[in-house]
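Each remark here refers to the structure printed beneath this line.
Every read-out reported here was derived from the displayed coordinates using simple, explicitly stated rules and does not represent laboratory data. On a predicted model such as this, the values are computed, not experimentally measured, just so you know. Positions of Cβ are generated from backbone atoms using ideal geometry, with glycine treated the same way; all protein chains shown enter the neighbour counts.
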Amino acid sequence: MLEKVSRLPITAWDFKSDQKQRRHIGPMAQDFHAAFHLNGDDDKHINVEDLAGVSLAAIQELHKQLNDERADKDAQIAALKLQLQQQSELVSKMQTVIETFAQQTASRQMVAQNH
């Protein structure tokens, strides 16, 4: 539904019978009919209920897609946080090993100097 709505041309137009030539914006009835096959065989008019129904269905689909994308992003963020935590723990362990090695090296040098 959302894909069809996104491809639907939206144009400015006026009714030929409107002497004041008030501008309107929206899809042409023929395009709407071709996309959604609503309003029976009449492709010269758009039923307001059909227009509202299509709009609401598209909004619902968009809402679902946004929620799905947000859930995917939340999962990616959680995985990255876990990876960062694991890397931080590894860095801490490496620092401990380096400090221990440095202390052992310093102790060996002191022992070697005393002999």
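Could you run through the stretch 40-71 and say how many residues are among the basic types (Lys, Arg) and more than 16 Å from Glu3 (Cα to Cα)?
Residues meeting the conditions: 2.
Sort out which residues of the stretch 9-22 are over 29 Å from the mean Cα position of the chain (by Cα) and surrounded by 10 or more Cβ atoms within 10 Å (Cβ to Cβ), and write them in order of number.
Listed by number, the residues that qualify are Trp13, Asp14, Phe15, Asp18.
May I ask you to list the residues in the stretch 44-73 that are over 26 Å from Lys16 (Cα atoms), among the aliphatic types (A, V, I, L, M) and exposed (fewer than 13 other Cβ atoms within 10 Å of the Cβ)?
Passing the criteria: Leu56, Leu66, Ala71.
Could you grab me the full set of residues in the stretch 1-32 that are among the polar types (S, T, N, Q) and either within 17 Å of Ala57 (Cβ to Cβ) or part of a loop (DSSP other than H, G, I, E, B) (or both)?
Ser6, Ser17, Gln19, Gln21 - these are the residues of the stretch 1-32 that are among the polar types (S, T, N, Q) and either within 17 Å of Ala57 (Cβ to Cβ) or part of a loop (DSSP other than H, G, I, E, B) (or both).
Quick test for you: out of Phe32, Phe36, Phe15, pick the one residue that is free of Cβ contacts under 8 Å to residues at least 12 places away in the same chain and aromatic (Phe, Trp, Tyr).
Phe15
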